[in-house]
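Colleague: Attaching a single structure in structure tokens format; questions to follow.
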There are 2 protein chains.
Amino acid sequence: MADTRYDVATIGNAIVDIISRADDKFLQNQGLAKGAMTLIDADRASALYREAGPAIEASGGSAANTAAGVASLGGRAAFIGKVADDQFGGLFRHDIRAAGVAFDTPQAVDGPPTARSLIFVTPDAQRTMQTYLGACLSLTPADVKPETIKQSKVVYLEGYLWDPPQAKEAFLQAARIAHGAGRKVALTLSDSFCVERHRASFRDLVENHIDILIANEMEICSLWQVQSFDAALQATRGKCEVAALTRSEKGAVIFADGELHVVDAARVDKVVDTTGAGDLFAAGFLYGYAVGCSLFDAGRIGAIAAAEVISHIGPRPQVRLADLLPADLRSPARQVARS
Amino acid sequence: MADTRYDVATIGNAIVDIISRADDKFLQNQGLAKGAMTLIDADRASALYREAGPAIEASGGSAANTAAGVASLGGRAAFIGKVADDQFGGLFRHDIRAAGVAFDTPQAVDGPPTARSLIFVTPDAQRTMQTYLGACLSLTPADVKPETIKQSKVVYLEGYLWDPPQAKEAFLQAARIAHGAGRKVALTLSDSFCVERHRASFRDLVENHIDILIANEMEICSLWQVQSFDAALQATRGKCEVAALTRSEKGAVIFADGELHVVDAARVDKVVDTTGAGDLFAAGFLYGYAVGCSLFDAGRIGAIAAAEVISHIGPRPQVRLADLLPADLRSPARQVARS
């Protein structure tokens, strides 16, 4: 089995989050779909920002948050995504590298500015996201460096990448290169509205192109157009090698051929902002998987990483996640790691 | 007594904070003066940012934080300060307006970018600030609209404004206009290193040009070059109409002609980040003063506002400060307000 340079390489939209607090009435008045990620254009982004309260800015982007989480756990991570040559692009690049993630996608030299997501956090800690994709629209297959993909145990793609038309090609190319090198390809369904937009494509991906599926309850129910979690679980079995289905405070269900595990959610004193919960579960799960943990232990690491990120404002860990792992999950033996 | 439009107008450097966590070793390796605000140039700012950990961005600037605090308490606030026409300038403008503060200083159309301060928060919650002034250097007396000053009960100036050469003139002009209209002029000494740089000027200001002085223990000791708080207190008495001297967890001492008050610090469960503590004390004190509270009650409001801001990352309130006031401090009677 060939040596690898990265445990996990992730590909996704490179986004700066603009996080403010809002109440349900604000969401209603603005016609926002609570809990969802909705795409907006530049004009709508400006108009909505004008109505938003004081905010803080933090680097985000689903797959980028996952890469930061892998690095925070002590894993070797890379990220591929597109920012513009502007101040927000500069801070995105700084933050991902400062988190210990390899990031060398060339910035867009002209065209729209770095993507931003207006994230409204309601008092119930739920987040509602309005995303202007900006420079993410210029990610192309040329940005996917084959060497990065070939040298990563797992390549992780976010479903959101199905939104920018050219990124889709980058996504498929990465999957081809990974499989050609004998690597695993993982996918998150990202968001139930995203599944609505791309259901047929996502079904094809799950059944024919990916090895590991990560999805939450709403997303997996939407994928198969079923009403219950159990129905979604039955529909998913046999479709891909490994699936990790998350259910917020109810924990996660993980299965592979002949295996089924139920992982409890990790304890959180106070849920402050659910932004990044799924991204960090994926980080923990994929890190554990890549370094050779059992699927159950990989799920436990995911639960611990998710619990940290929902305990504060912002979509990336604020402490070293490796320090939060119980003794039996620390320093998993790399020698038994999956290739 | 003429009607006023604002309780407090503040003038200061318009800055975006880039906040990251660091340990004492990092401060030592980088040669940073812990707890201080140090001015740096663009090259040093870039070099230092490269070494910093993942960050979050939030609008800051001492006097701007104070204006945001006044508005959060229910007061009428205005801010004067200079940003550039760039993304950081846009977020500064958004945040101060979204906080309910009037802000219409024209942005700099060319020249350096919006100011930023690299703020390193150590595990002891202390903050160390490295500031690149950028567009703040282009604040001039023309930016001080006489109408804003004339219609504000209190005009508040930050000592940091003595650093950009032209801003100093804006500062003095604002003080002249305010006094011409019978308004009060308040000053914060800002930082003990800032006092070192401008001691003679600050002494002249305190003795001849301002009515209300706000300073912390280190700053007031530096101003008079004395070693003890009591010596600084004695040196200050009689020099200006009102002084509020803050002492972190030891509370504050407030005095005016014939009056002396000691105000305890408000309770904080856990001090997370001391950035903004002095700014928010000033917000509470000046708000209380402007709406006609006793000096003691104004100090209590200052202590409550400071306690909120040090309980989280970031230099501005994250809740409506008016909601934190005990019943006897709410809705102070505007009819007895000072002119």
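Colleague: Find the percent of Cα-Cα distances in the range A:121-201 that exceed 22 Å, and round it to a whole number.
Modeller: Result: 33 percent of Cα pairs exceed 22 Å.
Colleague: Take residue A:51, project a point 7 Å from its Cα along the Cβ direction, then tell me which residues of the range B:96-112 have their backbone nitrogen under 17 Å from it.
Modeller: B:98-99
Colleague: Hey, what's the Kirkwood Rh for the range B:51-126 if you take every pair of different alpha carbons, in angstrom?
Modeller: Computed over Cα pairs of the range B:51-126, the Kirkwood hydrodynamic radius comes out at 13.6 Å.
Colleague: Let me ask you something else. How much length is gained on full extension from residue A:33 to residue A:256, taking 0.36 nm per residue of separation minus their Cα-Cα distance?
Modeller: 76.9 nm
Colleague: Moving on to the next point. Within a Cβ distance under 13 Å of residue B:247, other residues only, what is the Lys/Arg minus Asp/Glu net charge?
Modeller: -4
Colleague: Okay, next question. Under a 5 Å amide H to amide H cut-off, with H placed in plane at 1.01 Å, what residues pair with residue A:14 once short-range neighbours are removed?
Modeller: Under 5 Å from the amide H of residue A:14 lie the amide H atoms of A:82, each far enough along the sequence or on another chain.
Colleague: Related question: Each residue of the range B:92-107 in order: what ³J(HN,Hα) in whole Hz does its phi give by Karplus 6.51 cos²θ - 1.76 cosθ + 1.60, θ = phi - 60°, with x for Gly and Pro?
Modeller: 4, 4, 4, 5, 6, 6, 5, 7, x, 9, 5, 8, 9, 5, x, 6
Colleague: Compute the whole-percent fraction of alpha carbon pairs in the range B:18-82 spaced more than 13 Å apart.
Modeller: Of the Cα pairs, 74 percent sit more than 13 Å apart.
Colleague: Please quote Rg/Rh for the protein assembly as shown to two decimal places, taking the Kirkwood radius as Rh and restricting both calculations to Cα atoms.
Modeller: Answer for the protein assembly as shown: 1.02.
Colleague: Another one. Which distances, shortest first and in nm, link residue A:225 to the matching position in the other copies, using label points set 7 Å out along Cα to C-beta?
Modeller: Its label point is 8.4 nm from the equivalent points in the other copies.
Colleague: Still on this model: Please work out the Cα convex hull volume for the range B:64-172 and give it in Å³ per residue.
Modeller: Measuring per residue, one finds 119 Å³ for the Cα hull of the range B:64-172.
Colleague: D for the range B:1-135, whole µm²/s, Stokes-Einstein with Kirkwood Rh over alpha-carbon pairs at 4 °C and 1.567 mPa s: what number?
Modeller: Rounded to a whole number, D works out at 83 µm²/s.
Colleague: About the Cα centre of the range B:266-311, how large is the charge dipole given +1 on each Lys and Arg Cβ and -1 on each Asp and Glu Cβ? Please answer in debye to the nearest 20.
Modeller: 120 debye
Colleague: Work out, in µm²/s and without decimals, the Stokes-Einstein translational diffusion coefficient of chain A at 25 °C, 0.890 mPa s, Rh from Kirkwood over C-alpha pairs.
Modeller: Reported coefficient: 125 µm²/s.
Colleague: Using only the Cα atoms of the range A:202-241, construct the convex hull and provide its projected area averaged over every direction, in square nanometres to one decimal.
Modeller: Approximately 2.4 nm², given one-decimal rounding.
Colleague: Put a point 7 Å out from Cα along the line to Cβ at residue A:311; what are the distances to that point in the other copies, in nm, shortest first?
Modeller: 1.8
Colleague: Mind listing P(r) for the range A:1-53? All alpha-carbon pairs, 5 Å bins, whole percents.
Modeller: Pair shares across the bins are 4, 12, 21, 23, 9, 7, 6, 6, 5, 4, 3, 0.
Colleague: Classify the range B:224-297 from the C-alpha gyration tensor, please: rounded if a/c falls under 1.5, else prolate or oblate depending on whether a/b exceeds b/c.
Modeller: Here the range B:224-297 falls in the oblate category.
Colleague: A follow-up question, please. What does the extension gain come out to for residue A:140 and residue A:85, with contour length at 0.36 nm per residue minus their alpha carbon separation?
Modeller: Contour length minus the Cα-Cα distance gives 18.1 nm.
Colleague: Moving on. Set Lys and Arg Cβ to +1 and Asp and Glu Cβ to -1, take the dipole of the range B:214-339 about its Cα centre, and tell me which of B:287, B:315, B:305 lies farthest positive.
Modeller: Farthest along the dipole direction, towards plus: B:287.
Colleague: Give me the dipole magnitude in Debye, nearest 20, for chain A about the Cα centre, with unit charges on the beta carbon: positive for Lys and Arg, negative for Asp and Glu.
Modeller: In total the dipole reaches around 500 debye.
Colleague: Show me, for the range B:286-294, the HN-Hα J-couplings you get by feeding each phi into the Karplus relation (A = 6.51, B = -1.76, C = 1.60, θ = phi - 60°), rounded to Hz, glycine and proline as x.
Modeller: These are the phi-based 3J(HN,Hα) values: 5, 4, x, 4, 5, 8, x, 5, 5 Hz.
Colleague: Over the alpha-carbon set of the range B:213-339, work out the extent along each principal axis and list the three values in angstrom, largest first.
Modeller: Here the spans come out as 38, 38, 19 Å, largest first.
Colleague: Using the 10 angstrom Cβ neighbour count as an exposure proxy, how do B:301, B:96 rank, fewest first?
Modeller: The order, fewest Cβ neighbours first, is B:96, B:301.
Colleague: Measuring from a point 7 Å out along Cα→Cβ, what nm distances, shortest first, does residue A:257 have to its partners in the other copies?
Modeller: Residue A:257 label point versus its equivalents elsewhere: 9.2 nm.
Colleague: Okay, next question. Taking each residue of A:50-60 in turn, how many C-beta atoms of other protein chains fall within 10 Å of its C-beta, and what is the average?
Modeller: Going residue by residue through A:50-60 and averaging, the value is 6.
Colleague: Among the listed pairs A:150/A:239; A:184/A:239; A:34/B:82; A:82/B:82, which are separated by more than 27 Å between their Cα atoms?
Modeller: Among A:150/A:239; A:184/A:239; A:34/B:82; A:82/B:82, the Cα-Cα distance tops 27 Å for A:34/B:82; A:82/B:82.
Colleague: Once you charge only the Cβ atoms, +1 for Lys and Arg and -1 for Asp and Glu, what is the size of the charge dipole of the range B:25-108 about its Cα centre, to the nearest 20 debye?
Modeller: In total the dipole reaches around 280 debye.
Colleague: Something else: Please report the projected area of the range A:154-287's Cα convex hull averaged over all directions, in nm².
Modeller: 8.3 nm²
Colleague: What's the extension gain from residue B:110 to residue B:272 if we count 0.36 nm per residue and subtract their Cα-Cα distance?
Modeller: Net length gain for the segment: 54.6 nm.
The numbers here are math on the coordinates, done by the rules we state, and not lab data. Everything numeric here is computed off the predicted structure, so don't read it as measured data. Backbone-built Cβ (ideal geometry, glycine too); neighbour counts: all protein chains shown.
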